[in-house]
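Following: one structure in structure tokens, then a few remarks.
The values are calculated or read from the model by the stated rules, or taken from the named source; none is laboratory data. In this text the structure is predicted, and so the values were computed from the model without any measurement. Ideal geometry is used to build each Cβ from the backbone, glycine not excepted, and the neighbour counts take in all protein chains shown. The accessibility values were calculated without ligands, DNA or RNA, using every heavy atom of the protein model including side chains. Shrake-Rupley method; radii C 1.70, N 1.55, O 1.52, S 1.80 Å.
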Amino acid sequence: MRIAFISDIHANYEALQTVLEDIETQSIDEIVSLGDIVGYGPNPNECAAVVKERCEKSVLGNHDQAALGLLSTEYFNEIAKQATQWTINNLSEDTKAYLSSLPFTEKIEDVRLNHSSPLDPEKWTYVLTLEEAKRQFAGFDERICFIGHSHVPIVLEQGAERPSAIRYPSDEPLELFPDRRYIVNVGSVGQPRDRDPRSAYVWYDTQLQTLCLRRLDYEVQTVREKIREAGLPEFLGNRLVEGM
Ligand code: ZN
């Protein structure tokens, strides 16, 4: 089976459509969403409707929770606060109902799915250091956990020794070792932050034991214009062009 993992769409409909078109070409059996469907971008309801229709499994992200008014934005920066308020004001009843139904954790056989991290997923911890990765590997039983949240794609590998980080190349399948465990950050569909503005997603082939990071150009200037027209902070459109 080949599973596509999409995360951090952030209401960017053009990026989502581009990713779904690519998924059609990659012999994918199932699509999974790892959260932050909404927040920052101009099309939260359109993106939520597509995810609801196309994804077999879907977990809650911190921005989805904030859009439901269930997470304090005290620790968000000023622009994130403004964008959250805009999203709260523009969320349809259907989107609210869908986001409210999402769990923090899902599973597919020996694969775990979380937005931020497997250990205490409701705390929205970032897995940015090997020290944190070590703590997280001890916090789940499955062999592989797929996450998003940082918007930076990376593979964390746990062998017999301490964990190590692999910066996986795009469009080249990466082989996984059967006796090792993994935390895989799949990057962001709608707001990449690794200085590469191309949309990112990952597929995982359960038989071949390979991962592939896909990077795709999309209509970023259209989204930038929509952000401006919606009255969202212009910075949110500019950052998409920079990929940061
Ligand atoms: Zn996010």
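Observations on the model:
- Residue identified as more than 16 Å from the ligand (Cβ to nearest atom) and not charged (D, E, K, R) among Leu68, Leu20, Leu34: Leu20
- Residue ID - nearest to Glu56 (Cα to Cα), chosen from residues in region 83-117 that are within 16 Å of the ligand (Cβ to nearest atom) and open to solvent by 30 Å² or more (accessible area, probe 1.4 Å): Phe104
- Residue tally, condition closer than 17 Å to Leu176 by Cα and free of Cβ contacts under 8 Å to residues at least 60 places away in the same chain, over region 108-157: 10
- Residue match in region 10-17 (condition: under 22 Å from Asn238 (Cβ atoms), modelled with pLDDT under 95 and more than 12 Å from the ligand (Cβ to nearest atom)): no
- Selection within region 157-177: residues that are at pLDDT 90 or above and of a type in the set (Gly, Ala, Ser). The member of this set that is surrounded by the most Cβ atoms within 10 Å (Cβ to Cβ) is Ala165.
- Scanning region 158-188 for residues that are closer than 22 Å to Asp8 by Cβ and in a strand (DSSP E or B) yields Ala165, Ile166, Ser170, Leu174, Tyr182, Ile183, Val184, Asn185.
- Flag if Tyr201 is open to solvent by less than 50 Å² (accessible area, probe 1.4 Å), of a type outside the set (A, V, I, L, M) and more than 16 Å from the ligand (Cβ to nearest atom): no
- Among all residues of region 121-143, there is none that is part of a strand (DSSP E or B) and open to solvent by 70 Å² or more (accessible area, probe 1.4 Å).
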